[in-house]
Amino acid sequence: MVAVRRKKKNQSSACALVVKVIVVIAIASLVLVFATVDGKRKQTIADRIRSGRVSEVSEKELHLRPSNQEIISTAPMVDLAYVDVTNNHDKDPHRGAKDERGDFGYKHDEKALRSNPPSFQLSSSEANCDNHDSNYRMLTEKVYVDVAAHEAREHEAEDDTRKPRAKIFCMVYTIEKNHDKIPTIRETWGNKCDGFMVASDKTDKSLGTVNIPHEGPEEYNNIWQKVRSMWSYVYDNYYEEYDWFHIGGDDLYLIIENLRLYLESDEIQLAANGGKSLPKAGSTQQLPLFLGRRFAEQGNYERIFNSGGSGYTINKAALKSLIVTAFPTCVPHLKTFAEDVMVAQCFRNKIQVFPFDTKDDNGGERYMPFQPGHHLTYRPPRDPTSDWYAKYSIDIKYGLDHCSDKSVAFHYIKPP
């Protein structure tokens, strides 16, 4: 990867870019500042193919890292045609959602937030970026929003309808007592998703929360059943309108600009087509992709899963495979909090789909299980087995090198 030079900005000029490059994602009044790119966007292989400059694309350029080629080698290509498995919505996990009166049959307007985003304002102390802690350092010295590439792709999509942006459906799970966390999500990153929904135990149209009943009680130790019903509801209602689907808890933060660019990248497009060539327009088959922060359960590399902390992202083929092929027979009645481990188990055992390595070319992680500052300061203990994070982590770097400069997700982010 070619290193991209970034302009150095003083505090006052950086903090002036409130709308585009400052987001509230930390405890109390922490404000994160993301730098923009200085220089022209490097044209990708996919760009050249779209523009007709195919002759410039050599076979040597079209390849995945050997480890990722091996990861996708066992997954089947999936026909993307929708298959109805609702069975008249009689049983979990396909019973659907309840409206504000408690009646089944409710379909959430997932585009409402994007169409009418709420206003976002900062206090004077937040706008001045007063808190220069480890979170601030990671987000000003390393991580940035790739605004230049994002805007270039936006203009390209506007000028040529044959080059649409990847459409992303985002969903967050919560419960009614935590609804106070939702407004900040809606004001910052939620409205950048093409579709957005908050799965809860109470429907509130003003917050975008949806009551999606599931098997068993509404409690932390039963999140697996909640997530089964969430994914089923999304597949039943929104599958055909979106390209990618992301799920996470009510304390994650997504950098949607970076996520969308990553999903549109040559690497991901190549992987979704089997790793040998880029997909052609109108392709009706796709390889399931399961993207996130990889962990080895208890250090066992035979049981790698994507951490649910900052969430994970799947494409259409993965969503269809999960709902149609895996869920009906993959621990359908288990009660557990470990939904991320269970989803990975279903992908692995039922479809032969394994978590894709989402590190960048420099080994930086894109999906973070903690706040930015934690990844800046964390160092492993002398005995890695004494710390679950060290034990679960897979070939990670430390300090500023830990996070990719184009990171897409962070965890344990609380509203001010």
message: Using a 1.4 Å probe on the protein heavy atoms only, what accessible surface does D201 show? Give it in Å² to the nearest 10.
response: 60 Å²
statement: Within region 60-95, the residues whose backbone N lies under 15 Å from a label point placed 7 Å from the Cα of K350 along the Cα-to-Cβ direction are 76, 83-87, 92-95
message: Can you tell me how region 258-364 classifies by the Cα gyration tensor, rounded, prolate or oblate, using a/c under 1.5 as the rounded cut?
response: oblate
- line: From the cross-link list K202/K335; K111/K316; K192/K391, the entries with a Cα-Cα span beyond 27 Å are K192/K391
Per residue value of the accessible surface for region 59-204 (all protein chains in place, 1.4 Å probe), Å²: 53 Å²
field: FRET E, pair D90, A281, Förster distance 30 Å, beta-carbon r, rounded to 0.05
entry: 0.15
In nm, spacing of pseudo-spin labels at A81 and Y398 (7 Å Cα→C-beta vector): 5.5 nm
Ranking by accessible area, most exposed first, for R162, R137 with a 1.4 Å probe: R162, R137
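The values are calculated or read from the model by the stated rules, or taken from the named source; none is laboratory data. Computed from a predicted structure; not experimentally measured. Every residue, glycine as well, gets a Cβ built from its backbone with ideal geometry; the counts of neighbours run over all protein chains shown. Heads up: the accessible areas ignore ligands, DNA and RNA and are worked out on the full protein's heavy atoms, side chains in. Shrake-Rupley method; radii C 1.70, N 1.55, O 1.52, S 1.80 Å.
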